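The values are calculated or read from the model by the stated rules, or taken from the named source; none is laboratory data. Bear in mind the structure is a predicted one, so any value in this text is a computation, not a measurement. All Cβ positions, glycine included, derive from the backbone under ideal geometry; neighbour counts span all protein chains shown. SASA here: full protein model, heavy atoms, side chains in, ligands and nucleic acids out. Shrake-Rupley method; radii C 1.70, N 1.55, O 1.52, S 1.80 Å.
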Amino acid sequence: MKTIVKKINEENMEAGCLQEAVSILQRKGLVAIPTETVYGLGGDALDAEASKKIYEAKGRPSDNPLIVHIAEVDSLGELTKEVPEKAYKLAEAFWPGPLTMIMQKSDNVPYGTTGGLNTVAIRMPSNKIALELIRESGVYIAAPSANTSGRPSPTKAEHVIEDLSGKIDMIIDGGAVGIGLESTIVDLTGEVPMILRPGFITKQMLEDVIGQVEVDKAIIAKSVDPSLKPKAPGMKYKHYAPKAELTIVEGAEQAVVDKINACAKQKMEAGYQVGVIATDETFARYEASIVKTIGSRYDEEQIARGLYAILREFDEQQVDVIYSEGFAESNLGQAIMNRLLKAAGYHVIEV
Ligand code: AMP
Ligand code: MG
């Protein structure tokens, strides 16, 4: 299949620029779209065949449900059995934006989209291209991250091209995304709302709007605990991972630098190419084959935006092992460490 790649400027969209993407979605094809979190691989959420194509293109396990993207809050009625009051409050506060809500699904949503579950995950993205595409096509867009399953999520169209070129109908290149980590997922089907995946919208931000919110214990665990099964099926896989073996080193700043340098030296002497994910504060103190800074350790938004791209760059440069500093787990830091730990397969050295 030849994949069409089309550049569209979110801030300056020409009339009719989405026409081709609209017709692909309407005839149940797949279009990769920019969103403010990461690029999504979109298809008609109410069509089981389109969903099946999404799983195939990504190589995604079929029990890992898709997020349905909408452009109007009113659409919740068609997609869910009932809309909890808290959903309206959260929508009012955070939509369009990086928050996904889980509710009981209606019969309109095929099990092929929800991975066999009776619940459905719904989000209203803020990216103008994504919103306009949903509106113009009249299609609710099921869109998981537009990467090959298991690889770091795509934050630029180039990443999508790398993974999915030849496998999908079209890729819309809307430039680099703003946030760089997947949406926060909150499950509203239980007594107390529960965060199943941390993201840009933090627990505190949710609690300010709807009161008490819990966090799925499995996602804050520092190691794989077999007794804790993540409630979001997708969170149980090793995920977001580069091809190189990634290790996180945590502790006091200079101790971390010393440990990473010692490990890197040993690996390089054994003939391996070693990459280091450093911060602006520590960058100059490392000695390894390739050292990259992810930005200041005090700028969580910059770290989030750059994380997946840096992992992919190391893959391109074919390093064998990567060491990364750990990051503080306040606010957005919890989501950053959640993704980094999964990318590392929970391989952490404490110093
Ligand atoms: P992605 O779109 O690739 O970021 O992945 C979607 C995430 O949402 C995965 O971790 C899924 O397991 C999770 N998810 C989607 N629908 C549901 C649902 N109904 N219940 C729990 N988790 C869900
Ligand atoms: Mg994903």
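Of everything in region 228-267 that is touching a helix residue (DSSP H, G or I) at 6+ places or on another chain (Cβ under 7 Å) and closer than 16 Å to Val321 by Cβ, the residue that is farthest from ligand 1 (Cβ to nearest atom) is Val249. Taking Ala278 as the residue in question, decide whether it is modelled with pLDDT of 95 or more and over 29 Å from Arg197 (Cβ atoms). For Ala278, the condition - modelled with pLDDT of 95 or more and over 29 Å from Arg197 (Cβ atoms) - is not met. From the list Arg312, Arg339, the lone residue that is in contact with a Leu (Cβ under 9 Å, 6 or more places away or on another chain), basic (Lys, Arg) and part of a helix (DSSP H, G or I) is Arg339. Pick from region 209-239 the residues that are in contact (Cβ under 8 Å) with a residue 60 or more places away in the chain and away from ligand 2 (no atom under 16 Å from the Cβ): which of them is nearest to the chain's Cα centre (by Cα)? Top of the filtered list is Ile220. Among residues of region 248-273 that are without any contact (Cβ under 8 Å) to a residue 24 or more places away in the chain, those with a beta-carbon under 6 Å from a residue that is crowded, with 17+ Cβ neighbours inside 10 Å and aliphatic (A, V, I, L, M) at least six positions away or on a different chain give the pairs Met268/Val274.
Note on region 177-202: among residues that are free of Cβ contacts under 8 Å to residues at least 24 places away in the same chain and not β-branched (Val, Ile, Thr), the one that is surrounded by the fewest Cβ atoms within 10 Å (Cβ to Cβ) is Glu191. Taking the numbered list (1) over 22 Å from Lys231 (Cα atoms); (2) within 12 Å of ligand 1 (Cβ to nearest atom); (3) among the hydroxyl-bearing types (Ser, Thr, Tyr) in turn, Tyr111 passes all entries but (1). For region 319-333, a residue qualifies if it is within 15 Å of Gly180 (Cβ to Cβ) and buried (at least 21 other Cβ atoms within 10 Å of the Cβ), and the qualifying residues are Phe327, Leu332.
With respect to Tyr237, determine if the residue is of a type in the set (Ser, Thr, Tyr), open to solvent by 50 Å² or more (accessible area, probe 1.4 Å) and at pLDDT below 95.
In short, yes.
Screening Ser227 with (1) crowded, with 20+ Cβ neighbours inside 10 Å; (2) of a type in the set (Ser, Thr, Tyr); (3) more than 15 Å from Leu341 (Cβ to Cβ) gives one miss only, at (1). Quick one: in region 155-176, of everything that is more than 13 Å from ligand 1 (Cβ to nearest atom) and of a type in the set (Asp, Glu), which residue is surrounded by the fewest Cβ atoms within 10 Å (Cβ to Cβ)? Checked region 155-176; the qualifying residue surrounded by the fewest Cβ atoms within 10 Å (Cβ to Cβ) is Glu158. Looking only at region 84-101, which residues are under 22 Å from the mean Cα position of the chain (by Cα), open to solvent by 10 Å² or more (accessible area, probe 1.4 Å) and away from ligand 2 (no atom under 16 Å from the Cβ)? Scanning region 84-101 gives Ala93, Phe94, Trp95, Pro96. What are the residues in region 115-145 that are more than 16 Å from the chain's Cα centre (by Cα), within 9 Å of ligand 1 (Cβ to nearest atom) and among the small types (Gly, Ala, Ser), if any? Correct list: Gly115 only. Flag: Glu36 does not match the condition of being out of contact with any Phe, Trp or Tyr (no Cβ under 7 Å at 6 or more places or on another chain), free of Cβ contacts under 8 Å to residues at least 40 places away in the same chain and within 16 Å of ligand 1 (Cβ to nearest atom). Considering only region 55-71, I want to know if a residue exists there that is more than 16 Å from ligand 1 (Cβ to nearest atom), more than 20 Å from the chain's Cα centre (by Cα) and over 22 Å from Thr155 (Cβ atoms). The answer is no; no qualifying residue exists. Scanning region 276-302 for residues that are of a type in the set (A, V, I, L, M) and either open to solvent by 30 Å² or more (accessible area, probe 1.4 Å) or over 25 Å from the mean Cα position of the chain (by Cα) (or both) yields Ala284, Ala288, Ile290, Val291.
A single member of Lys81, Lys53, Lys128 is open to solvent by 30 Å² or more (accessible area, probe 1.4 Å), farther than 30 Å from Gln19 by Cβ and not hydrophobic (A, V, I, L, M, F, W, C), and it is Lys81.
Pairs linking a residue in region 127-138 that is within 20 Å of Lys28 (Cβ to Cβ) and touching a residue at least 12 places away in the same chain (Cβ under 8 Å) to a residue that is part of a helix (DSSP H, G or I) and open to solvent by 60 Å² or more (accessible area, probe 1.4 Å), with Cβ atoms under 7 Å and 6 or more positions apart or on different chains, are Ser137/Gln26.
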